[in-house]
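The values are calculated or read from the model by the stated rules, or taken from the named source; none is laboratory data. This structure is a prediction, so every number in the text was calculated from the model and none was measured. Glycine gets a Cβ as well: all are built from the backbone with ideal geometry, and neighbour counts include every protein chain shown. Accessible surface is based on the protein model in full, side chains and every heavy atom, while ligands, DNA and RNA are left aside. Shrake-Rupley method; radii C 1.70, N 1.55, O 1.52, S 1.80 Å.
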Amino acid sequence: MEDERETFLSKSPQVSGNLDNEGAELKSLRLCLKWVCLDQSNLWRASLSWSIFFLLAIGVPIGSHFALDCSSCDENHSRPYRPVVQLSLSIFATISFLCLSIWSNKHGLRKFLFLDQLSDASEKVQHGYTKQLQRSMKLLLILLLHCFVSVCAYKIWWYVSGGTKLPYYVNIYISDTILCTLELCSWLYRTAIFFLVCILFRVSCYLQILRLEDFAQVFQKETEVGSILVEHLKIRRNLRIISHRFRAFIFLTLVLVTASQFTTLLDTVPSSANVNIFKAGELIVCSISLVTGLFICLRSATKITHKAQSLTSLAAKWHACATINPFDNTDGETPRARTNSSQVFSMNHYWESDDEEDGDDDLDNTKLVPIFTHTISFQKRQALVTYLENNKAGITVFGFMLDRTGLRSIFLLELALFLWLLKKTIDIS
């Protein structure tokens, strides 16, 4: 039997339920993947995909660098930072394209985004994930639109104001039009691939956030430790899969964005640089694009890690409320009464009506947990809390947890490197 491999763009069977409503969002995402030529379902399409990549991500930047080398141009058209910009964009486009190619050969789009698991999820999770797909596609379009408009304005100014001073071939108008179009297509292609990987990571994280928020409801009703543990293991496994898929991309992005920005610092800080918007227009747009992509990844990873670790405090609060809840019989286990009504503290209605907690959610709030008389034993609750304390879930990069503490460490390291490099640069100049 022939082994048919499912790619990002292949259409797997629709899942029943509310998931039929997210077909439009998946269709938009597939169109976006087709637009960047990532359909590698057969040899012909894979060859086309790689050919366009080599043309727009490598060929056009190298060709335009030599074809538009203008040693006789005035200061505003010299573009001294162009090599740094082109090299940075091409490196990130290469990393992103390789990641997308590997994922395309291993997973389908539904499996990659964990959509195949939504059939067992609640309607709230399915509806929320549909919204997240819509918001992510809008975010991708907004990012690309802003970058493309900025680059278009700069390129058009550069070609129009340069006039006959710029290198041209045969006819100045045809030559400038072709070269400007190729440069814009190359820039849009490279930034689109980079932002696409960042958005895919964001979508994957937000699905797990929705599942965690839905999972938090188990502490508000009668449940068993076994069901809580099984659901937590599923979420923890998904987070580990996401970490393994994206860890190389996040690590390389963090390192290379740092290197790119420090290189920019070395080129722009010396007094002899004479930086202005005309000379550094491309550099500004490139830096903003790369830092924005890194910010999307770090923010998504930190948010899902914070939500996952909030389960420990929620379980501990649930355990404490169940332990101190007054019962007539206290022989080591929470007794089982005949009634099924929940017993809560008398102060609960004050906490629930507090206007200061509008921003809290089920995972991270200061409200007391309602305790049911048909609850589980003290020993099982204690075992669950101990398990959660010693098995913290979240996004990791080669063992390094991307939580708020980790971000502080990254920020302090970046700040120390920046101050050291700034001192060296000022001393040299």
>> Just the residues that are over 29 Å from Val60 (Cβ atoms) and among the polar types (S, T, N, Q), please, taken from segment 86-128.
In response: Gln117, Ser119, Ser122, Gln126
>> Condition first: among the aromatic types (Phe, Trp, Tyr) and surrounded by 17 or more Cβ atoms within 10 Å (Cβ to Cβ). Now tell me which residues in segment 236-261 satisfy that.
In response: Phe246, Phe249
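Does segment 72-86 hold any residues that are at pLDDT 80 or above and under 12 Å from Val275 (Cβ atoms), and which are they? So that I can check it myself, show each step before the final result.
Filtering segment 72-86 down to residues at pLDDT 80 or above leaves 81-86.
Correct list: Tyr81 only.
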>> Could you check segment 388-397 and list, in sequence order, the residues that are in contact with a helix residue (DSSP H, G or I) (Cβ under 6 Å, 6 or more places away or on another chain) and open to solvent by 100 Å² or more (accessible area, probe 1.4 Å)?
In response: Lys392
> Under the condition of being within 15 Å of Phe400 (Cβ to Cβ) and not β-branched (Val, Ile, Thr), which residue from segment 283-305 is surrounded by the fewest Cβ atoms within 10 Å (Cβ to Cβ)?
Replying inline: Leu298
> Applying the selection to segment 149-185, what residues are assigned to a helix (DSSP H, G or I) and in contact with a Ser or Thr (Cβ under 8 Å, 6 or more places away or on another chain)?
Replying inline: Lys165, Ile172, Leu179, Leu182, Glu183
> Between a first residue in segment 65-90 that is within 20 Å of Val285 (Cα to Cα) and open to solvent by less than 50 Å² (accessible area, probe 1.4 Å) and a second residue that is part of a helix (DSSP H, G or I) and modelled with pLDDT under 80, which pairs have beta carbons less than 7 Å apart while being 6 or more apart in sequence or on different chains?
Replying inline: His77/Gly162; His77/Lys165; Tyr81/Asp267; Val84/Asp267
> open to solvent by less than 20 Å² (accessible area, probe 1.4 Å), more than 18 Å from Cys205 (Cβ to Cβ) and in contact (Cβ under 8 Å) with a residue 12 or more places away in the chain - does that describe any residue in segment 107-129?
Replying inline: yes
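Only residues that are farther than 23 Å from Ser204 by Cα, open to solvent by 10 Å² or more (accessible area, probe 1.4 Å) and touching a helix residue (DSSP H, G or I) at 6+ places or on another chain (Cβ under 6 Å): list them for segment 306-317, please. Give the derivation first.
In the first step, residues of segment 306-317 are kept if they are farther than 23 Å from Ser204 by Cα; the result is 313-317.
Pick out the ones that are also open to solvent by 10 Å² or more (accessible area, probe 1.4 Å) and you get 313, 316-317.
Of everything in segment 306-317, just one residue is farther than 23 Å from Ser204 by Cα, open to solvent by 10 Å² or more (accessible area, probe 1.4 Å) and touching a helix residue (DSSP H, G or I) at 6+ places or on another chain (Cβ under 6 Å), namely Ala316.
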> Among the listed residues Asp176, Asp214, which satisfies the condition of being of a type in the set (Asp, Glu), open to solvent by less than 70 Å² (accessible area, probe 1.4 Å) and more than 23 Å from Asp69 (Cα to Cα)?
Replying inline: Asp214
> Looking at (1) surrounded by fewer than 19 Cβ atoms within 10 Å (Cβ to Cβ); (2) more than 15 Å from the chain's Cα centre (by Cα), which is the only condition Arg135 fails?
Replying inline: (2)
> Applying the selection to segment 218-235, what residues are crowded, with 18+ Cβ neighbours inside 10 Å and not hydrophobic (A, V, I, L, M, F, W, C)?
Replying inline: His232
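For segment 313-429, give me every one of the helices (runs of 4 or more DSSP H) that falls completely inside it and has 1 or more residues that are out of contact with any strand residue (DSSP E or B) (no Cβ under 6 Å at 6 or more places or on another chain) and at pLDDT 80 or above.
Values: elements: 348-352, 378-390, 404-428.
In segment 313-429, the matching helices (runs of 4 or more DSSP H) lie at 378-390, 404-428.
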> Condition test on Phe195, is it of a type in the set (Phe, Trp, Tyr), open to solvent by 10 Å² or more (accessible area, probe 1.4 Å), within 24 Å of the chain's Cα centre (by Cα) and modelled with pLDDT of 90 or more?
Replying inline: no
